[in-house]
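The structure is given below, and queries will be raised subsequently.
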Amino acid sequence: MSFRSMFYAVAVFLGSGLSAQAVPLYNSFNSVSTTVAVGTGTYADSFTTGSSGVVNDIAIALTKTSSSSGSVVITLWTDNGSGLSVPGSDAPGTQIATLGTVTASSLTLNAKTIEFYTPSVEMAANTEYWVEISKAAGPTSTINFYLNASAPTLGGTSGGNPELYRANGVNATLPPEMEICVSGDGSCTATLAAPEPPALSLLGLGIAGLGFAVHRRRRFAPPANLAS
């Protein structure tokens, strides 16, 4: 590959990495967070599907403390149909899928672990659904999930509802946004698991520098018949 071709390849790589990414249907991840232990009830946060109804990428943030034990189950639910017009009554309806089970031993101590799921369930377009987290059967789980502590009255990006459901009703003392991300195009995984743009830039510069070094070495190398 010529130096010019390599330069163009790096430019395309950086452009693709730094270009505007698709926006998730719902994303309440935030750097300002607090945590709540699962074990005192069931928690859920709602989202609304897009015009296609496709949801193939769900992420939720979990962590543990030194005393964490047990496991939690992440599930997907329909809405109970009451709507937000009746305060405190909007809640999950019927479970339609189990996304996964997370054990305390699989989490990192006092550090955010993002669990990714790819649900394979048909969903209706422009319809409200819920991601729910609850302790598994057996010992009380003290695994923690994250709440968006900076937006106590907002619903994340488009499609979110400004409330957090708890088994005994809406808990108004907590920030109403569980840190979850839902998308139909893989943008949650692309956003939350991909390298940050500065990292992409450094990688691209490194590739460009290597290409320049190879080009310079070839350019100034003596002819083969003079090298011996």
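The values are calculated or read from the model by the stated rules, or taken from the named source; none is laboratory data. Given the structure is predicted, the values throughout are model-derived calculations rather than measurements. Backbone-built Cβ (ideal geometry, glycine too); neighbour counts: all protein chains shown.
Answer with yes or no whether Asp57 is modelled with pLDDT of 90 or more, under 18 Å from Glu179 (Cα atoms) and crowded, with 21+ Cβ neighbours inside 10 Å.
yes
Filter segment 111-138 down to the residues that are under 21 Å from Thr35 (Cα atoms) and of a type in the set (Asp, Glu) and list them by number.
Glu115, Glu132, listed by residue number.
Anything in segment 89-117 that is part of a loop (DSSP other than H, G, I, E, B) and surrounded by fewer than 12 Cβ atoms within 10 Å (Cβ to Cβ)? List them, or say none.
Residues satisfying the conditions are Thr108, Ala111.
Can you tell me which residues in segment 98-112 are among the small types (Gly, Ala, Ser) and in contact (Cβ under 8 Å) with a residue 12 or more places away in the chain?
Gly100, Ala104, Ala111 - these are the residues of segment 98-112 that are among the small types (Gly, Ala, Ser) and in contact (Cβ under 8 Å) with a residue 12 or more places away in the chain.
Tell me which of these Gly159 doesn't satisfy, since it passes every other one: (1) at pLDDT 95 or above; (2) in contact with a Leu (Cβ under 6 Å, 6 or more places away or on another chain).
So the condition that Gly159 fails would be (1).
Within segment 189-198, is there a residue that is acidic (Asp, Glu), at pLDDT below 90, under 28 Å from Ser66 (Cα atoms) and outside any strand (DSSP E or B)?
The answer is no, given that none of the residues of segment 189-198 is acidic (Asp, Glu), at pLDDT below 90, under 28 Å from Ser66 (Cα atoms) and outside any strand (DSSP E or B).
Applying the selection to segment 33-51, what residues are in a loop (DSSP other than H, G, I, E, B) and either within 15 Å of the chain's Cα centre (by Cα) or within 10 Å of Ser183 (Cα to Cα) (or both)?
Thr49, Gly50 - these are the residues of segment 33-51 that are in a loop (DSSP other than H, G, I, E, B) and either within 15 Å of the chain's Cα centre (by Cα) or within 10 Å of Ser183 (Cα to Cα) (or both).
Hey, another quick one. Just give me the residues in segment 118-153 being surrounded by 17 or more Cβ atoms within 10 Å (Cβ to Cβ), at pLDDT 90 or above and within 24 Å of Ala190 (Cβ to Cβ), in sequence order.
Matches in segment 118-153: Pro119, Met123, Tyr129, Trp130, Val131, Ile133, Phe145, Tyr146.
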